[in-house]
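Below: the structure, in structure tokens.
Read-outs: derived from the displayed coordinates by stated rules, not from any lab. The structure presented is a predicted model; accordingly, all values stated were derived computationally and were not measured. Positions of Cβ are generated from backbone atoms using ideal geometry, with glycine treated the same way; all protein chains shown enter the neighbour counts.
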Amino acid sequence: MKVLSVVGNRPQFIKSAPVSVALREAGLDEVVLHTGQHYDRALSEVFFEELDLPEPAYRLDLHTADPAAMEPGIAAAVERERPDWVLVYGDTNSTLAGAEAAGAVPVAHVEAGLRSGDLSMPEERNRIAVDRVAALLLCPDERSADTLRIEGVPGRIEVVGDVMADASFRFAPIARERSAILGELGLEPRAYLVATIHREANVRPERLARIVEGLGRTSEPVVFPAHPRTRGRLEKLPANLRVVDPLGYLDMAALCSQARVIVTDSGGLQKEAYWYGVPCVTARPSTEWVDTVEVGANVLVDDDPEALASAVASARMPADRPPLYGDGDASPRVAAALRLALPRCES
């Protein structure tokens, strides 16, 4: 059995690492296609090196987030490889392009069924569109599976857990042991904040300025590894905000797992914060990871500077932190589901 895995951005590289291992261990042949959606080396190549991902057989090297530009190259790879599955991850434009370019080949969607309820977000529209065409919907939890059942999607629904948990549980201890990032930045554990802001809505100048203002109102040093798009739009910075280049996965895991609070608009980092035991403040009006908010580990503040600073000051992890989004064994379940579901999809 052959699987064509489509990846294109930082979270997808992380998610695909444990899945690639599980596919190999299950005897499945994986062919990796990198769309080039994230083309900065720190956001792309370093992940293949650090996480020991298989070298992509296809590099579209497009340097664009336009799914229409990605689809011809993906379709050509599908035609050449004739895989049994096209495997896509999450909610990016690379995810959408992979699903739409698969043609007659069944699509398997990792992180299926997530919904924030905010259709103004391109990620939300991508999730819905991919779930409607996927033959196999690999959900992180029962909430997501229930959402898909309510929506009446035609594909097969499987709850496998969250593959990012697999990566987090495996690599965070290694990161803290190997990374020297805290020493390089002169930081002490639990005495600083980490901020990541990259979503399209948040890098518009007015919103970004309000979020940065909120970070400036906090009393602790803030380390801000900046996506190239974000860095190009940063203007006047508060004295406590330190902008650094994007970090490799191990350095980022070491930095985030030892922070006092994480401020982010990243869906993946909201989950990682929970697994690290670090409280999270999310600069968005909504989130697809609603469980983290419901248990009190994550606070939504949108772009309100005062609310952001207040949430950071009071942020604490709940004393009773239930396990969320899997047990670290989602990737073998993904491999098993791909093997078992294919005959049913063909029937």
For Phe169 paired with Arg132, estimate the spin-label separation in nm (one decimal), with each label point 7 Å from Cα along the Cα-to-Cβ line. 3.5
Determine ³J(HN,Hα), in whole Hz, for all residues of the range 4-9 in sequence, where each value follows from phi through the Karplus function 6.51 cos²θ - 1.76 cosθ + 1.60 and θ = phi - 60°; x replaces Gly and Pro. 9, 9, 9, 10, x, 9
The range 173-247: which GluC sites (Glu not before Pro) are DSSP loop and have at most 12 other beta-carbon atoms within 10 angstrom? Glu235
Rounded to the nearest 500 deg cm²/dmol, what is the calculated helix-only ellipticity per residue at 222 nm for the chain, with -39500 (n - 2.57) per DSSP H run of length n ≥ 4? -13500 deg cm²/dmol
Among Trp275, Ala337, Ala57, whose Cα sits farthest toward the positive end of the charge dipole of the chain (+1 at Cβ of Lys/Arg, -1 at Cβ of Asp/Glu, about the Cα centre)? Trp275
At 0.36 nm per residue, and after removing the present C-alpha to C-alpha distance, how many nm does the segment from Arg149 to Arg316 gain when stretched out fully? 56.7 nm
Specify the inter-centroid distance of the range 66-80 and the range 224-302, based on alpha-carbon positions, in whole Å. 32
Using θ = phi - 60° and the Karplus curve 6.51 cos²θ - 1.76 cosθ + 1.60, what whole-Hz ³J(HN,Hα) does each residue of the range 298-313 get, with Gly and Pro shown as x? 9, 10, 8, 10, 6, 10, 7, x, 5, 5, 5, 4, 5, 5, 4, 4
Mind checking the dipole of the chain: about its Cα centre, +1 per Lys or Arg Cβ, -1 per Asp or Glu Cβ, Debye to the nearest 20? 300
Distance in nm between pseudo-label sites at Ala191 and Asp327 (7 Å out along the Cβ direction from Cα): 4.0
Name the residues whose placed amide hydrogens come within less than 5 Å of the amide hydrogen of Val299, ignoring near sequence neighbours (fewer than 5 apart) on the same chain. Cys280, Val281, Thr282
Computed lengthening from Arg125 to Val293, 0.36 nm per intervening residue step minus Cα-Cα distance: 58.3 nm
To the nearest 20 debye, the range 167-314 has a Cα-centred charge dipole, built from +1 on Lys and Arg Cβ and -1 on Asp and Glu Cβ, of 300
Pick from Val222, Val293, Val261: which residue has the top mean-square fluctuation in a GNM of the chain where Cα pairs under 10 Å get a spring? Val293
Given the Cα-Cα distance of Ala180 and Ala201 and 0.36 nm per residue of separation, how much length would full extension add, in nm? 4.3 nm
Would you please name the trypsin sites (Lys or Arg not before Pro) within the range 184-285 that are DSSP coil residues with at most 13 other C-beta atoms within 10 Å of their C-beta? Arg190, Lys236
Largest fluctuation, Leu182, Leu96, Leu247 only, Gaussian network model of the chain with Cα springs under 10 angstrom, belongs to Leu182
Scalar couplings 3J(HN,Hα) for the range 14-26 by Karplus 6.51 cos²θ - 1.76 cosθ + 1.60 (θ = phi - 60°), nearest whole Hz, x for Gly and Pro, are 5, 5, 6, 4, x, 5, 4, 4, 5, 5, 4, 5, 8
What are the residues whose amide H is under 5 Å from the amide H of Glu220, where those residues sit 5 or more places off or on another chain and H is modelled from the backbone? none
Would you mind checking which residues have amide H under 5 Å from Leu87's amide H? H placed 1.01 Å from N; only 5 or more apart, or other chain. Leu4, Ser5, Val6, Ala108
